[in-house]
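Visitor: Pasting a structure here, questions to come.
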Amino acid sequence: MRFMFLCSGSADGSVQLCQENIGSTDGTRPKLSKDEKKLLKKQAKAKHILLKHEGIETVSHPSQSLVVANGGLGNGVSRQHLLAVLERCGQVETLLMPPNKPYAFVTYSSAEEATKAYTSLSGQEICGGDSEQPITLYLSFVEKVDVKEVSPPLLPPGLIVIEDFVSPEQEKTMLESIDWDTDPSIQKSLKHRRVKHYGYEFRYDNNNVDKDKPLPGGLPDFCTEALGKCLQRGLAKHKHDQLTINQYEPGQGIPPHVDTHSAFEDEILSLSLGAEIVMDFKHPDGSVVSVMLPRRSLLIMSGESRYLWTHGITPRKFDVIQVSERQTVGTVSENSEALTLNKRSTRTSFTFRKIRHSPCDCAFPLLCDSRQTREEKSPPQVGELGASTLEREYVHKVYEDIAGHFSSTRHTPWPRISEFLQSLPKGSLVADVGCGNGKYLGINKDLCMIGCDRSNNLVDICRERQFEAFVCDALSVPFRDGSFDACISIAVIHHFATEERRIAALQELIRLLRDGGKALIYVWALEQEYKKNKSKYLKESKISQAASSDAAAANPEAKESLPIHTNRTSFHSQDLLVPWHLKQTNKNKVTGTHENKEHDPSSVYHRFYHVFCEGELEAMCNRLSNVVIRHSYYDQGNWCVVLEKQ
């Protein structure tokens, strides 16, 4: 279930007007005390925040429904505690608490009961419950709150959760058998979290193990019964030989990650002892599924859930769970009528893995380090067979590594792109395919813009900036045909390694457009000096020829197949590698190593480009069906077109 509010009326002056309607019988405005004025001021501020950040518009007259600012799951207020407070004023028909939001919606059986709640609870502090700090509630009327049905999320493919896999007696024995105080060689501390390794030490810096350095003693005897049960019931194909025990206190977690493909076999098992937990699984497309792992349950990750989805635990002291009969297992839905908070307790996880001794041959080559290592042995080539490998190594992986530094250099929107976005009708749905750090997603507040990019790290930066963005390939954007009023593709298509793939990227943009929709496309130009004017790229030349030589030395194999460009100079080839010098840290500068590190090959990355010659982009666009070129131009070292779908 998801909530949807439908409001009418004006929000301006609504607090004062409600006070007049409620507190006056003869039509005159009652005189307010200093505390009442202070309350109205804070209430108006709360309503302004709700309108500005959540789009929630309140009304100026009493109704059956109210929005309760500060009374949400995101503030640490549980459903049980808030419901007990609200029921003092009357019969509550529905209480909607959206996940992770700082507000809730309540509907009473009558407007009189809602008015009583408005007058008696606004400005009141609630204590106790699951919130550690006193919280002041601010209530405002809304016209109506409707609820729409949505299907609960499915478990990621290959993920299994088995309840009560071990008995309470087994749980007690296993927990008591952990000797945290001895044998420090296999015990670590990670940000105050206690960790212990058996069989092999799991390294959190690279999610890997040293296969040549097994730990003495193997796996402990107190795990034999549980592992034997896994084999007996056919839950595991291998006899696991690596164990990591983590003890999580409330407020602790672990970042999202995928256990390295080349290090471990398929099935990864995890026992949750001592307490339940909600674990988040994230797909590369950005979708997240939260899964409840009950106390004494066994989690099995295999196939797609093991190799493709990241898994992690958000550091917090409360989890959002289903309220009905207290959720025991399964995904956590967005049913705002049935969500509450569950206070975390100390949880100890037993994670079992099987060391891999042969290369991984999974079905996810783009994410598989075994597959990438084998393919890296061949020099990059431009051709149909080598195109995807070239783009992965010299586009995708590079932007993933340099995302933070790259984003810090991409902050000023280009004027003509801004003009295009400002010219679109209010309410237009716009896709930014290859959005990078999202610098164009907030240009026009009257547009509904959605960004996508191949880089997880760049998409994360977009989300930190509160933009709508997700991860996907520009050749396959997961939206229906004709979904968008406009699309932009800025400095993206020149990263595709063959003409066929560049045309496919253009076709994908056109597919997304409705009839009459427009697309703006920018690609880097071979001609960095046009009509006797140098581009900004050439004008800012500061890099010496020596820097280019060092960059070439960093990848001699690449140099044999593709020329490495000298930054801030004219192009002499259409297909080439352009160096990116990763900005050094303050630590390097302080210790005096910055000068030596500046041309260190490890700090230089190479990005593949196909720079377009004059007329090439228009010629490609003319090969597309149902498209006309409305405008083409040169803009500061880029060839640009505006297309319209017919």
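The values are calculated or read from the model by the stated rules, or taken from the named source; none is laboratory data. The structure presented is a predicted model; accordingly, all values stated were derived computationally and were not measured. Heads up, the Cβs are rebuilt from the backbone with ideal geometry, glycines too, and the neighbour counts pull from every protein chain shown. Quick note on the areas: whole protein, heavy atoms, side chains included, nothing else; ligands and nucleic acids left out. Shrake-Rupley method; radii C 1.70, N 1.55, O 1.52, S 1.80 Å.
Visitor: When you look at Gly228, is it over 25 Å from His261 (Cα atoms), open to solvent by 30 Å² or more (accessible area, probe 1.4 Å), modelled with pLDDT of 85 or more and not in a strand (DSSP E or B), yes or no?
Guide: So Gly228 fails the test.
Visitor: Just to be sure I understand, how many residues within the range 434-461 are farther than 16 Å from Pro413 by Cα and not in a loop (DSSP other than H, G, I, E, B)?
Guide: Counting residues in the range 434-461 that are farther than 16 Å from Pro413 by Cα and not in a loop (DSSP other than H, G, I, E, B) gives 10.
Visitor: Just checking, which of Ser573, Ser561 is in contact with a Pro (Cβ under 9 Å, 6 or more places away or on another chain), modelled with pLDDT of 85 or more and either open to solvent by 30 Å² or more (accessible area, probe 1.4 Å) or not assigned by the TED database to the domain that holds Asn638 (or both)?
Guide: On inspection, the qualifying residue turns out to be Ser573.
Visitor: Let me ask another. Looking at the range 183-192, can you tell me whether even one residue there is open to solvent by 60 Å² or more (accessible area, probe 1.4 Å) and at pLDDT 90 or above?
Guide: no
Visitor: Given the conditions (1) of a type in the set (A, V, I, L, M); (2) outside any helix (DSSP H, G or I); (3) open to solvent by 10 Å² or more (accessible area, probe 1.4 Å), and given that Ile503 satisfies all but one, which numbered condition is not satisfied?
Guide: (2)
Visitor: From the residues in the range 305-330 that are at pLDDT 65 or above and of a type in the set (S, T, N, Q), which one is most open to solvent (accessible area, probe 1.4 Å)?
Guide: Going through the qualifying residues, I end up with Thr314.
Visitor: How many residues, within the range 608-646, are at positive phi and surrounded by fewer than 20 Cβ atoms within 10 Å (Cβ to Cβ)?
Guide: Selection size over the range 608-646: 3.
Visitor: If you scan the range 22-36, which residues turn out to be of a type outside the set (A, V, I, L, M, F, W, C) and modelled with pLDDT under 75?
Guide: Matches in the range 22-36: Gly23, Ser24, Thr25, Asp26, Gly27, Thr28, Arg29, Pro30, Lys34, Asp35, Glu36.
Table: residues versus (1) open to solvent by 20 Å² or more (accessible area, probe 1.4 Å); (2) touching a strand residue (DSSP E or B) at 6+ places or on another chain (Cβ under 6 Å); (3) not acidic (Asp, Glu).
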site	(1), (2), (3)
Thr409	yes, no, yes
Pro413	yes, no, yes
Leu421	no, no, yes
Pro425	yes, no, yes
Ser428	no, yes, yes
Val433	no, yes, yes
Asn444	no, no, yes
Met449	no, yes, yes
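Visitor: Can you tell me how many residues within the range 477-492 are within 17 Å of Leu513 (Cα to Cα) and open to solvent by less than 30 Å² (accessible area, probe 1.4 Å)?
Guide: So the count comes out to 7.
Visitor: Let me ask something additional. Restricting to the range 462-476, count the residues that are open to solvent by less than 40 Å² (accessible area, probe 1.4 Å) and either touching a strand residue (DSSP E or B) at 6+ places or on another chain (Cβ under 6 Å) or assigned to a helix (DSSP H, G or I) (or both).
Guide: Count: 5.
Visitor: Within the range 102-110, is even one residue free of Cβ contacts under 8 Å to residues at least 24 places away in the same chain and among the polar types (S, T, N, Q)?
Guide: No, the range 102-110 contains no residue that is free of Cβ contacts under 8 Å to residues at least 24 places away in the same chain and among the polar types (S, T, N, Q).
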